Structure formats: C-alpha cells, structure tokens
Amino acid sequence: MSFLSATLSRVKPSPTVAVTTLANELKAAGKDVIGLGAGEPDFDTPEHIRDAGKRAIDDGKTRYTAPDGIAELKQAICAKFKRDNDLDYTPSQVSVGTGGKQILYNALMATLNPGDEVIIPAPYWVSYPDMALLAGGEPVFVEASLEHDFKITPDQLEAAITPKTKWFIFNSPSNPTGAGYTRDELKALTDVLLRHDHVWVMTDDMYEHLTYDGFAFCTPAQVEPALYDRTLTCNGVSKAYCMTGWRIGFAAGPENLIAAMRKIQSQSTSNPCTISQWAAVEALNGPHDFIADNNAVFKRRRDLVVRAMNAIDGITCPIPDGAFYVYPSIAGLIGKTSQGGASIDTDEDFAKALLEEMGVAVVFGAAFGLSPNFRISYATSDDALEKACTRIQEFCEGLT
Ligand code: GLU
C-alpha cells in the first residue's frame with residue numbers, strides 16, 4: 001500500500017508550473033531557452049506599490065493578521081467591487097488568500113462532498129479540475145471549441161447540469177485562450193443558471209483589467225443580480241498590478257461561505273503575507289493609470305504573436321479579447337515529423353520537440369483540456385517574442 005494518500009493519486013502536478021520550472025532550470029544550466037510558459041507579467045511591480053510594502057516592513061507591520069485579511073484590505077476590496085463592477089459587498093463578505101489559487105481551493109474544499117460535480121468549460125486553467133478532485137468532487141467538462149471562439153453556449157451549459165452539480169466555474173477573459181464573454185453572451189448563461197437554483201457560480205476574474213480593442217468586461221453577479229446570493233466573485237492583484245510573487249487573491253460572496261473558507265485558512269496557512277496585504281491596499285486604492293500603459297504594450301505583443309502564428313501553414317490563431325495568452329490550433333501539423341526525428345502525434349509531442357530542438361518553452365493544449373493546441377504567454381519582451389516566433393516558424397517549416 002502506498003504511503004501517499006488515495007486522494008493524491010487523483011491529481012497531477014500543475015503543468016504550467018512544471019513548464020516554467022523546466023525552462024528556468026534549462027536557462028540556469030546555460031541553455032538558450034525562451035520561456036513562453038509562465039503566465040505572469042514581465043513588468044516590475046509599480047513603485048508606489050513596492051514602497052507600500054517597504055513602509056509596512058519599516059512600520060513593523062510584520063506580524064500575524066486575521067486569517068483571511070486585514071480590515072483595511074477588505075475595505076479596499078469592497079471599494080474595488082463597487083467601483084469596477086457595481087457590486088455591493090461588506091467586509092464580512094470578503095476573504096483574502098495567498099493568491100487566487102488559495103481562494104479557489106478554499107471555496108472548493110469548503111463546499112464539495114464526494115461525488116459533487118463542478119462544471120468547467122474546456123479549455124480551462126490547469127488547476128480547476130485538480131482542485132475539484134483534491135476536494136473530493138468530480139470535474140464535468142464542457143468543450144468550448146475554436147469554431148465557437150472558445151466559448152460555451154447556453155445549451156451546452158444546460159446539458160451539463162445534473163442534480164449533483166454544485167459549481168459552475170466561469171473564467172473570462174480566459175486562461176488559456178484570452179476569449180472574453182460579452183454581456184449578452186454571459187446573460188444567456190446566467191439565464192440558464194436562474195433555472196437551476198442548486199448551482200452556484202465561482203468566477204475567476206483575474207484578467208478583468210487586461211482587455212483589448214474596447215472589450216467590456218463583466219462578471220456574473222453584475223449581469224444577473226438574482227445570482228448574487230449564490231456567486232463567489234474571485235479576483236486578485238497578481239496580473240493587473242504585476243504582483244504575482246506577492247501572492248494576494250480575494251473573493252466576495254455570501255457570509256456563510258466566506259466564514260467556511262476562513263475556517264479552512266485558519267487551520268492551514270493562516271493569513272496571507274502581512275507585507276503583501278499592505279502593498280495590495282495601495283494597489284487597489286492608489287493610481288491605476290499604469291494599467292492602460294501596460295495594456296498598450298500587451299496589445300502590441302498580442303498582435304505580433306497572432307500575426308506570426310497565422311503566417312505558419314498548419315496553425316490557426318484566433319485574436320483574443322484579453323489576458324496575455326494565445327491558444328493556436330496545430331491541427332494542420334499533427335502526423336508530421338520534426339527535423340530532429342520526433343513524431344508530432346499530439347500537442348504534447350509538439351511542445352516537447354519545440355523545447356528540445358528550438359529552445360522555446362510553451363504549454364501543450366492537453367494540459368488545458370482542448371487539443372491539438374498550445375498556449376503562448378506573450379507577457380515577455382518584444383525581442384524575446386520575435387525571436388521565439390521566428391524559431392516556431394522555422395520549426396514548423398522543418399516538419400515533413
Ligand atoms: N496562472 C499562471 C499560468 O497559468 C500562473 C501559473 C499557475 O499557477 O498555473 O501560467
């Protein structure tokens with residue numbers, strides 16, 4: 001019998017973290033590798049936020065806090081939800097965790113019983129299914145194909161709901177596709193949920209502020225106020241505020257759910273880093289104009305990568321509405337052989353050969369539940385992106 005738990009055998013390590021770690025190890029070993037795996041901005045945390053972190057240290061704000069966050073940060077989060085999403089929450093409806101990851105994990109741990117189902121549109125962020133499995137639940141996938149702009153339809157959602165459904169996880173703009181639901185598209189989904197009052201909605205709004213071409217972000221509780229009492233609206237400072245390493249995510253929702261999440265956190269990690277919490281107060285309450293400047297850079301990089309990918313025979317790359325990912329299809333390349341002799345039968349073969357033969361690290365589509373595709377994170381310098389695109393082009397041209 002294994003020493004390890006049976007639950008652990010239900011899950012796999014995070015593939016995004018694995019690719020990023022491997023690329024960094026190869027670089028540290030002196031290999032010429034361009035990492036397009038990590039989903040994190042290459043910009044530094046803005047100075048006023050860094051200063052707030054330093055001030056917190058100098059002011060002795062270095063001790064434990066309430067397990068799910070300081071009052072000042074909860075207030076700032078309530079103000080954020082009002083300002084950006086026209087949603088009214090009180091601090092007792094807010095939970096702060098160690099990144100968006102801990103927030104989602106706490107919520108699933110707090111609510112799932114064995115056999116409970118969690119509806120997850122695919123492609124999905126790699127951690128949703130495994131978190132549901134760790135919490136004893138069963139992921140139920142709904143395929144959002146490239147032909148439907150990587151978005152699910154109301155009929156698909158309706159068909160996936162069973163008496164065992166507990167959660168519907170909704171992520172827009174999406175990691176890994178960057179696809180965003182318009183208000184009308186989201187309303188069509190919330191109309192379905194109105195007919196099934198046992199189903200709760202967990203949103204992942206992490207890319208709210210990273211949108212392009214005038215795309216208007218909206219979130220379920222805002223579009224359908226009747227869902228407010230069964231929605232957990234999740235967000236964080238990692239991406240828009242360039243604070244991935246500070247590890248601050250948050251959620252707002254019904255008080256009893258927030259209290260249940262607090263119970264889990266009080267028995268696991270306790271409070272998220274105190275210094276990071278004070279920096280997050282400044283992020284949310286301070287100036288936001290740098291976000292538009294960053295987005296102009298991200299949009300330029302998005303266009304560069306989309307153009308380069310679509311110029312390759314066998315690759316189709318839609319234009320995303322937000323986030324900093326593209327998710328090209330390599331359907332036209334499957335069955336070919338690389339210059340190095342690798343058979344490209346799956347998107348995992350493609351990503352492996354691309355890293356080994358050309359030194360470009362991307363994440364294969366199967367990790368996100370829709371193949372044959374791969375994810376490029378374009379949150380890296382223009383130079384690195386141009387070089388990486390040229391290498392991907394050469395790799396694909398060399399396939400026979
Ligand atoms: N969300 C980022 C990504 O998808 C960070 C890595 C992770 O935690 O999965 O790359």
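At-a-glance table
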| read-out | value |
| --- | --- |
| Unmet requirement for residue 105, which otherwise passes all of (1) more than 16 Å from the ligand (Cβ to nearest atom); (2) of a type outside the set (S, T, N, Q); (3) open to solvent by 50 Å² or more (accessible area, probe 1.4 Å); (4) under 25 Å from the mean Cα position of the chain (by Cα) | (1) |
| When residues of region 197-217 are limited to those that are touching a Phe, Trp or Tyr at 6+ places or on another chain (Cβ under 7 Å) and not in a strand (DSSP E or B), the one surrounded by the most Cβ atoms within 10 Å (Cβ to Cβ) | 210 |
| Test for residue 341: is it assigned to a helix (DSSP H, G or I) and either of a type in the set (D, E, K, R) or surrounded by fewer than 22 Cβ atoms within 10 Å (Cβ to Cβ) (or both) | no |
| Test: residue 91 is modelled with pLDDT of 95 or more, under 19 Å from the mean Cα position of the chain (by Cα), surrounded by 15 or more Cβ atoms within 10 Å (Cβ to Cβ) and of a type outside the set (D, E, K, R) | no |
| Residue that is nearest to residue 383 (Cα to Cα) [pool: residues in region 24-41 that are more than 13 Å from the ligand (Cβ to nearest atom), open to solvent by 50 Å² or more (accessible area, probe 1.4 Å) and in a loop (DSSP other than H, G, I, E, B)] | 32 |
| Counted residues, region 1-21 - those being among the aliphatic types (A, V, I, L, M) and either away from the ligand (no atom under 13 Å from the Cβ) or part of a loop (DSSP other than H, G, I, E, B) (or both) | 5 |
| Filtered residue count, region 279-333, keeping only those that are in contact with a strand residue (DSSP E or B) (Cβ under 6 Å, 6 or more places away or on another chain), in a loop (DSSP other than H, G, I, E, B) and surrounded by fewer than 23 Cβ atoms within 10 Å (Cβ to Cβ) | 1 |
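To keep it simple, each residue is scored yes or no on (1) away from the ligand (no atom under 16 Å from the Cβ); (2) touching a residue at least 60 places away in the same chain (Cβ under 8 Å); (3) not in a helix (DSSP H, G or I).
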| residue | (1), (2), (3) |
| --- | --- |
| 44 | yes, yes, yes |
| 48 | yes, yes, no |
| 53 | yes, yes, no |
| 56 | yes, yes, no |
| 60 | yes, no, yes |
| 65 | yes, yes, yes |
| 68 | yes, yes, yes |
| 72 | yes, yes, no |
| 77 | yes, yes, no |
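The values are calculated or read from the model by the stated rules, or taken from the named source; none is laboratory data. Keep in mind it's a predicted model, so treat the numbers as computed, not measured. Please note: Cβ atoms are built from the backbone with ideal geometry, for glycine as well, and neighbour counts cover all protein chains shown. Accessible surface areas use protein heavy atoms only, side chains included; no ligands, DNA or RNA. Shrake-Rupley method; radii C 1.70, N 1.55, O 1.52, S 1.80 Å.
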